[in-house]
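Quick notes on the structure that follows.
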Amino acid sequence: MEMARNTKKNWSRRVTSTSNALDLEAGVFTLEDPREIALSLKRSALRSKRRRVDPFRSAMSMLNFYINRAGRRLPLNRRKVLESAKNELRDVFGRSEKKRRLSR
């Protein structure tokens, strides 16, 4: 029973370490500078042999995964840093900034 509970509880750790998204550098999501986060994700995406899609999509996917899994527990200042890292990631990969649609 305890083993099953731990397996369910830690599934996101397992996904992060075994998924085909990419191999992350240690502590990437604890960095304070959004640009450093983006550069680390880019290095990881370009170096990884376990990704199925292009490096940009793989890096953005892992960043979104981390933000979504933290959910409401993610402090606002940390969320701002990680959201800024998305724009930095687009910049370091030479992609244009995403245009946000206005909700009606």
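The values are calculated or read from the model by the stated rules, or taken from the named source; none is laboratory data. Keep in mind it's a predicted model, so treat the numbers as computed, not measured. Using ideal geometry, Cβ is built from the backbone for each residue, glycine included, and neighbour counts are taken over all protein chains shown.
Worth pointing out:
- Note on the range 48-57: residues that are among the hydroxyl-bearing types (Ser, Thr, Tyr) and modelled with pLDDT of 90 or more total 0.
- Filter result (free of Cβ contacts under 8 Å to residues at least 40 places away in the same chain, basic (Lys, Arg) and surrounded by fewer than 15 Cβ atoms within 10 Å (Cβ to Cβ)) within the range 58-86: 72, 73, 79, 80
- In the set 51, 43, 35, 57, only one residue is over 9 Å from the mean Cα position of the chain (by Cα), on the phi < 0 side of the Ramachandran plot and in a loop (DSSP other than H, G, I, E, B); that residue is 51.
- Scanning the range 25-57 for residues that are basic (Lys, Arg) and under 19 Å from residue 79 (Cα atoms) yields a single hit, 35.
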